[in-house]
Every structure is written in structure tokens, then in C-alpha cells.
Amino acid sequence: MPREQSRDPVRVRVAGAGAFVPEQAVTNEQIARAIPGWSAERIAEKLFIEERRFLWELDADAGRTLPPEGSGLAPDGSGVPASNTDMCDVALRRALGMADVDPRELDAIFVVTCTPDRLNFNHDAMALHHRLGCRPDAFALVVDDGCGGTPYVMDLACRMIRDGTFRTVAVVGSAFTSPLVNREVYTSEVAPAPGRKPLNAYLSMYVFGDGAGAVVLRGDRAGEAGEVGDAGVLASMSGSTHAELVLRRAGGQLSLPYHDWFREGDLAFVIDGLQVARSYPIYMQQCLDAVLADHPHLAGDVARYYFHQPNKRVLDAFTEQAGLAPERVASNVARCGNTSAAGMLILLAEDLEDGTVALGRGDVVLIAAIGANVHYGAQLIRL
């Protein structure tokens, strides 16, 4: 419920996290057969990715995917996920369960994704709001964003909680790649700008996978019952700059299928790999510097880093460049693919699930990401 303004300090803490990652593993051999371009060996060599997880079933020979038969969640959350909303539903219910928060306590749900089930009218967020039985005055918004969108929106949520607008907010990130699989679309080329060499669309199919992650953020005032001590978001930042790291021409009013200038390749999400490799270390370092600026003494205490993972090669290069201990940098991209806005929250949820880090134990973690066109953000958190 929206709160009245208060002069009492508010500490924003991570109350719980949850994730959903499909079980179906798609190997490099399968995806290379479905979307010709690179060989399976080249995919592994260039990206350090061995497989990705798909929700929909891949027909590698046809170069298409199909939803699993007889699937889809029931209103109570039971059943087999078959859509972006379903994945978000599972992840959010798990986060709420860990947080011991009733859905009616949520003041807002922000779904961060560029692959919603329906493009308009905040469909996926509104569906979650309905399924969970949230209050009518609880906000439900889809934020059309990519890999950097999750910490970007988490920073927004932290500010709103601290100023008393909200107390409890769910941020859900997702990537729903498998329905995009189409041999004709993803063997196309797209010119990023006049005079530049066209980009191949197939790289996106080799990189991305499906998944959803969720985090529940909650504000506690000093002196309230249930004082949380030092736990909470110690520092948070976000920023915007301008570059096309990922292109997608279709989806808006300027490139509809019945326009004379429409091309099949406009439907593809096309990664500008060179731009990603150049920009990632710059903005990720800015994220680290910003959240550690007022807490330099904690730099050596960070137990786990939850970074956006464009691919494992780029992640490993930055880890080495930044002088971070590799064992402290959580990573699942080699087996799950790049899960875009979901990736950092999936990693956090996995670590909380297996006890690598724990709520209430005082573990210090750091979330950071940069993503398409360009949003970036970071949080330094004591769990």
C-alpha cells in the first residue's frame, strides 16, 4: 500500500528471490542445425557457450519451435509453464514464498522484458497482477528493456521505497527467446547504419536462452518491529546513454509487415557483437565504481557478483580486467545462455536456494548490468 512520507530513515532490503529456468537443453549442434551460420565448434570457441535452455520445443531440422503440448499454468500457478507470463509467475511466486510476503502486500510489479507474450497494454504484468490477486491500487507495468533493465528498474524501485511511495515492490526480469526461432528471419542480415557492414542475425539465436527471475524489495523503517540491522541495499545507481547494442526494427509503427519497406530481418533481435564487447567493460566498471565509491572498505568483502552475461567469453574477459576472483563471479551462461534481464536474478535465486549466500547472514553481493541502447545499473547489497 502506498505510504505517507516519513522522516524516519528507510532501509530497502532484498526480502526474497526466485527463478525459473526451463529443463530443455539445446546444444550447439542443435541450434547450428536450426539456424545455419556458425558451426557448433565455432559457437563454443567464440562464445564459450555449450547450451541454452528453451521453453518451447525445438525442431532443429525445420528451424522452428512449438509450444509444449497440453501446457500452461492454471490460475493457482499449477501446471507446466508455456509462456513468458508463466515463467514470470513461477519465479515471482517463489520469490514471494522466500520473502513470506502475501501478493496483496505488493505495491507494484515491474516486469522487465523485451519478449512479452503480448506487446501492448502491459499485458504480462497485468496478467501477473490478476493471477496473484494483487490489490487494485497496486501498480502493474511492463518495462520494455533488455539486459541492463533489471538493476535500472531496481534503482527506481529503491528510490520509490525510500521516499515512502511504496513499501513492497516485485521486480521480475525475463527472456523468452524460443518462440523467436525462425530460420528465414535469423539467417537475414541487418545494416546497423549507413556505410556499416551488415550484421548477421544468427548470433542472437546462438546466445540467448529462456528464463525468468524475480526479487522482492521491501522497505523497513528504523525503530519498527523487526529491525533489519545492517541488511539492505547499501548503494544503488542507474544511468542512460545512447548506442545500438541490439537492433530490432520491427515491433513498432514504423516497420509493420504490410509496409512496402518491411523485410523479414526486421523481426530479428540482432546483436552488434563488436559494440557489446567494447561497451561492456566500460559501463560495468562504471557500475562497480559507483556503488563502491562510498563503501570502498567492502570491495574485498563481496561474496558474489551477479553480472549480466552477454556470453561467457566477454564475462571472463571483464572479470580478469577488473581483477575479480573468478570464483566470486556467479555464472550460468555456458549452460543457460544469455537470459537478458532475468540473468542476474536467476543467479541470485540459485545461490540463495543452494546456500552459497543467505538472507540474514550478512553476505555482501553486487548486481550490475548494461543492456541494449543503453541502460545500466548496479546495487551493492548486504543480504
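Quick notes on this one:
- Here Ile370 fits the description: crowded, with 19+ Cβ neighbours inside 10 Å, touching a His at 6+ places or on another chain (Cβ under 8 Å) and either hydroxyl-bearing (Ser, Thr, Tyr) or closer than 20 Å to Gly239 by Cα (or both).
- Hey, Ala214 buried (at least 24 other Cβ atoms within 10 Å of the Cβ) and aliphatic (A, V, I, L, M) or not: yes
- Only one of Val291, Val276 that is within 26 Å of Arg382 (Cβ to Cβ) and not in a loop (DSSP other than H, G, I, E, B): Val291
- All positions within segment 316-357 that are small (Gly, Ala, Ser) and farther than 23 Å from Ser174 by Cα: Ala317, Ala322, Gly323, Ala325, Gly355
- Some residue of segment 227-246 being acidic (Asp, Glu) and either modelled with pLDDT under 90 or buried (at least 19 other Cβ atoms within 10 Å of the Cβ) (or both): yes
- In segment 325-373, the residues that are of a type in the set (A, V, I, L, M, F, W, C) and modelled with pLDDT under 95: Ala372
- Total residues in segment 249-281 satisfying the condition of being of a type in the set (D, E, K, R), out of contact with any helix residue (DSSP H, G or I) (no Cβ under 7 Å at 6 or more places or on another chain) and open to solvent by less than 90 Å² (accessible area, probe 1.4 Å): the figure is 2.
- Here segment 146-170 is the region considered, the condition is being within 24 Å of His242 (Cβ to Cβ), in contact with a helix residue (DSSP H, G or I) (Cβ under 6 Å, 6 or more places away or on another chain) and of a type outside the set (Gly, Ala, Ser), and the residue that is modelled with the lowest pLDDT is Cys147.
- Matching option when the condition is touching a residue at least 12 places away in the same chain (Cβ under 8 Å) and farther than 16 Å from Pro151 by Cα, among Gln285, Gln321: Gln321
- Flag if Gln321 is open to solvent by less than 60 Å² (accessible area, probe 1.4 Å) and touching a helix residue (DSSP H, G or I) at 6+ places or on another chain (Cβ under 7 Å): no
- Any hit, segment 282-293, residues being open to solvent by 50 Å² or more (accessible area, probe 1.4 Å), closer than 22 Å to Thr115 by Cβ and more than 18 Å from the chain's Cα centre (by Cα): no
- The single residue among Ala17, Ala40, Ala91, Ala82 that is under 19 Å from the mean Cα position of the chain (by Cα), at pLDDT 95 or above and more than 28 Å from Ser236 (Cα to Cα) turns out to be Ala82.
- Checklist (1) at pLDDT 95 or above; (2) open to solvent by 30 Å² or more (accessible area, probe 1.4 Å); (3) in a loop (DSSP other than H, G, I, E, B); (4) not aliphatic (A, V, I, L, M) applied to Gln309, failing item: (2)
- Looking only at segment 146-193, residues that are farther than 23 Å from Leu274 by Cβ, more than 24 Å from the chain's Cα centre (by Cα) and not acidic (Asp, Glu) come to 3 in all.
- Residue in segment 88-105 that is more than 23 Å from Pro22 (Cα to Cα), open to solvent by 10 Å² or more (accessible area, probe 1.4 Å), touching a Ser or Thr at 6+ places or on another chain (Cβ under 6 Å) and not in a loop (DSSP other than H, G, I, E, B) present: yes
- Any hit, segment 329-336, residues being open to solvent by 10 Å² or more (accessible area, probe 1.4 Å) and not aliphatic (A, V, I, L, M): yes
The values are calculated or read from the model by the stated rules, or taken from the named source; none is laboratory data. Remember, predicted model here, so these are calculated numbers, not experimental data. Note that each Cβ is placed from the backbone with ideal geometry, even for glycine, and that neighbours are counted across all protein chains shown. Just so you know, the surface numbers come from the protein's heavy atoms only, side chains and all, with ligands and any DNA or RNA stripped out. Shrake-Rupley method; radii C 1.70, N 1.55, O 1.52, S 1.80 Å.
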